[in-house]
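Inspection log for the structure reproduced underneath, given as structure tokens.
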């Protein structure tokens, strides 16, 4: 795999996430927080009683398992209208279902980034090398009936 980062992280202030709140980040800074793990693109099951969220290996139909990225990121809402747009305004509402290792969730909870995060390592593939991503472990949602998602629950890679 190539270590070419699909996110332009150039020109950002060093360690900006330590001095800037999520609500004050520019659009490029916000996008740069994505570590490329792909876990947000997995279908999840939420227990109605406990509120616990379980990841499945059933990925959104637009997910590219090799790159761990959305195959149609800019136009994804044309194909998947229910795809959630995470932003400083929506993070409080959606943080509970974000992966435990997600930079957005970590910073929202007042925690720091892991050393494998591309902003720290300087390399896009460090998330995969650390075993945090879902690269190579997903199945497209069109191959699994909704009623069978429970058969595909996984422990979150971390």
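How much space per residue, in cubic angstrom, does the convex hull of the C-alpha atoms of the stretch 24-158 take up?
122
Where does the chain land at 222 nm, in deg cm²/dmol rounded to the nearest 500, when only DSSP H runs of n ≥ 4 count, each adding -39500 (n - 2.57), divided by all residues? Walk me through the numbers before you get to the answer.
Details: 6 runs with 28 residues, N = 158.
Result for the chain, helices only: -3000 deg cm²/dmol.
Springs between alpha-carbon pairs under 10 angstrom, Gaussian network model over the chain: which of 110, 11, 71 fluctuates most?
With Cα springs under 10 Å in the chain, the top fluctuation among 110, 11, 71 is at 11.
Expressed in nm to one decimal, what extension gain is obtained for the pair residue 142 and residue 66 from 0.36 nm per residue of sequence separation less their Cα-Cα distance? Can you show the working numbers first?
Values: separation 76, 0.36 × 76 = 27.36 nm, distance 1.74 nm.
This chain segment gains 25.6 nm when fully extended.
Using the Cα atoms of the stretch 43-116, I'd like the radius of gyration and the largest Cα-Cα distance, Dmax, both in angstrom.
Using the Cα atoms of the stretch 43-116, the pair Rg, Dmax is 13.6, 35 Å.
Per residue and in Å³, how big is the convex hull formed by the alpha-carbon atoms of the stretch 1-66? Don't skip to the end; give the middle numbers.
Working: hull volume 9.3 nm³, N = 66.
Roughly 141 Å³ of hull volume per residue.
Quick one: work out the % antiparallel among DSSP beta bridges in the stretch 28-151, nearest 5. Write out the running numbers ahead of the final one.
On the way: 6 of 8 bridges.
Roughly 75 percent of the DSSP beta bridges within the stretch 28-151 come out antiparallel.
So if R0 is 25 Å, what FRET efficiency would residue 129 and residue 16 give, r being the distance between their Cβ atoms, rounded to the nearest 0.05?
Values: r = 24 Å, r/R0 = 0.95.
Approximately 0.55, to the nearest 0.05.
To make sure I understand, if each residue's beta carbon is the centre and we count other beta carbons within 10 Å, what order do 142, 79 fall in, fewest to most? Could you put the intermediate results ahead of the total?
Numbers: 142 8, 79 13.
Lowest count first: 142, 79.
Tell me, how many Å apart are the Cα centres for the stretch 56-114 and for the stretch 123-147?
Measuring centre to centre over Cα atoms gives 13 Å.
Every number in this text was worked out from the coordinates using simple rules, so none of it is lab data. None of these values were measured; they are calculated from a predicted model. Quick reminder, even Gly has a Cβ in these numbers, built from the backbone with ideal geometry, and neighbours come from all protein chains shown.
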